[in-house]
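The values are calculated or read from the model by the stated rules, or taken from the named source; none is laboratory data. Predicted model only: the values in this text are computed from it and were never measured. Neighbour counts run over all protein chains shown; Cβ positions are idealised from the backbone, glycine included. In case anyone asks, the SASA skips ligands and DNA or RNA and just uses the protein heavy atoms, side chains included. Shrake-Rupley method; radii C 1.70, N 1.55, O 1.52, S 1.80 Å.
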Amino acid sequence: MEFEKNILCIGAGYVGGPTMAVIAAKCPQYRVLVVDVDKERIKAWNSDRLPIFEPGLQDLVKKTRDKNLFFSSEVQRGIQESEIIFVSVNTPTKTFGQGAGRAADLQYWEKTAREILSHSKTSKIVVEKSTLPVRTATAMERILNGNSRGISFEVVSNPEFLAEGTAIQDLENPDRVLIGAKETPGGIKARKEIVEIYANWVPRERIIESNVWSSELSKLTANAFLAQRISSINSISALCEKTEADINEVAYAIGMDSRIGPKFLKASVGFGGSCFKKDIMNLVYICESYGLEKVAQYWQAVVEINDWQEGRFIQNMLANMFNTVAEKRIALLGFAFKANTGDTRESPAIYIAQALIEERARIVVSDPEALENARKDLKRIEDKIIFEPDPYRAAEGAHAIAILTEWDLYKTLDYERVFDSMVQPAFIFDGRNILHHKRLFEIGFNVFAIGKAPLKHF
Ligand code: UDX
Ligand code: UDX
């Protein structure tokens, strides 16, 4: 069968995989190929055990794989066979040299651009899917168009707004799709081609066309605003704990104001995930490099409050468990950075686990999907930790439980059974405010939630 378009995606990660699965499912007339340098990852995409856990993804891949969706590690061939190339390789925070800890490390992006250039025999559209600093497109275009072979490249920015755990839903029914390109005839034509892909299932009024820099900056700004809401509510949660106000009641009351809105106001142990911290630090770095110190400090504070909130969680545990957790067994329920994903990148649980080990606690880590990643994150101290998928067994003989991920599973545990199996007095620290605190208190637990007065039996 002849396909209408040949689409390639370089980078088969949390972004590339689900995005291409949805494009393939919605557009049977296109051939979609996903390549990655990581051969093991490609093998997993071609197996029954996909490399990432995402609700609905398995079904979608089953329906489309080897029909119009293909996974391969032959990057060179992939480049030659396609007209449109999405790039979703990782852009982690730089760990070395200038801008270490803040700027984005663009080495994989640049390497990929050079690879596209060296293997291309025809002109192509290159789509930035990875989150990139503003004006990266220009640099990429310079690299790509620095050839004397008569082929040209248009770089289009199409940032991804999907959230893990709801990726398929977000992709199938997005609030908006943003496509930025240069305002030249070539740029506008390339943008139209990308619009055409999404128009197969996204209502036209939700597809925004903009210039390329607005598009790049919108992505960083969206993540900074989302993270800022969490830091805002978390900062108020600390005040609630001092004043007997209840953070859920405050969030509900302010969220009813349609100008504020109810979403993203859940106080928590802190935000995690591969994007928020990385993108804010990147924004901070860009502001500094343009001499906008005040703006940089403003956004930096969002990350600082998050670190502080994680630290506060540990201090709270220590203060309430008689100032020592040494030799005490503590069950951490949840390790993923949020529910419905196995992803643990930047999860607050990593910091909490490390801090508790420093305090010489004996910790048991439990999670329905993220134990494999947890083991990797805690490799350095792995021998000091028990990994236990069953939450009941994790809690057995524990002095305290800390809820670190809002998995539904933890809402419906038989807490009487859990309580009876624990060392008394039993403590529960709900870092996600998902449990029925009054009921837990009645069972006998000493209950500490985020932004609420503690419920103690002594
Ligand atoms: C990543 C970033 O986190 C995000 O900010 C960005 O917007 C897109 O890329 P994600 O898909 O979650 O998102 O990353 P990851 O799961 O690490 O996937 C990236 C993939 O690219 C990896 O599988 C890696 O092997 C692959 N890769 C990386 C290449 O194929 N070639 C390279 O040169 C570098
Ligand atoms: C985020 C953005 O939402 C998405 O648009 C972008 O493409 C990538 O980054 P993601 O990190 O996958 O997505 O998940 P998100 O749902 O945004 O959650 C991020 C973190 O914030 C999680 O740790 C979550 O638990 C936390 N969070 C979220 C809160 O603590 N409170 C809230 O009210 C919402």
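Helix 136-145 and the longest principal axis of the C-alpha atoms of the chain enclose an angle of approximately 30°.
Taking the Cα atoms only, what angle lies between the long axis of helix 107-119 and the longest principal axis of the chain, rounded to 10 degrees? So the inclination is approximately 30 degrees. Expressed as a whole percent, the accessible surface of segment 101-222 that belongs to carbon and sulfur atoms is 51, based on a 1.4 Å probe.
Accessible area per residue for the chain is 46 Å², calculated with a 1.4 Å probe on protein heavy atoms, without ligands, DNA or RNA.
Quick one: Cα centre-to-centre distance for segment 1-51 and segment 155-219, in angstrom? Cα centroid of segment 1-51 versus Cα centroid of segment 155-219: 18 Å apart.
Averaging the sequence gap over all C-alpha pairs within less than 8 Å and six or more residues apart, then dividing by the number of residues, gives the chain a relative contact order of 12 percent.
Here the relative contact order of segment 95-238, from alpha carbon pairs under 8 Å that lie six or more residues apart, stands at 22 percent.
Compute the angle between helix 185-198 and the longest alpha-carbon principal axis of the chain, please, reported from 0 to 90 degrees and rounded to the nearest 10. Computed tilt is about 50 degrees. Packing, as the average of other Cβ atoms within 10 Å across residues, places the peptides 277-283, 410-416, 109-115, 29-35 in the order 277-283, 29-35, 109-115, 410-416, highest first.
Between Lys376 and Tyr298, the modelled label-to-label distance comes to 3.7 nm, taking each label 7 Å out from Cα in the direction of the beta carbon. State the Cα centre-to-centre distance between segment 273-304 and segment 89-115 in whole Å. Distance between centres, Cα-based: 16 Å.
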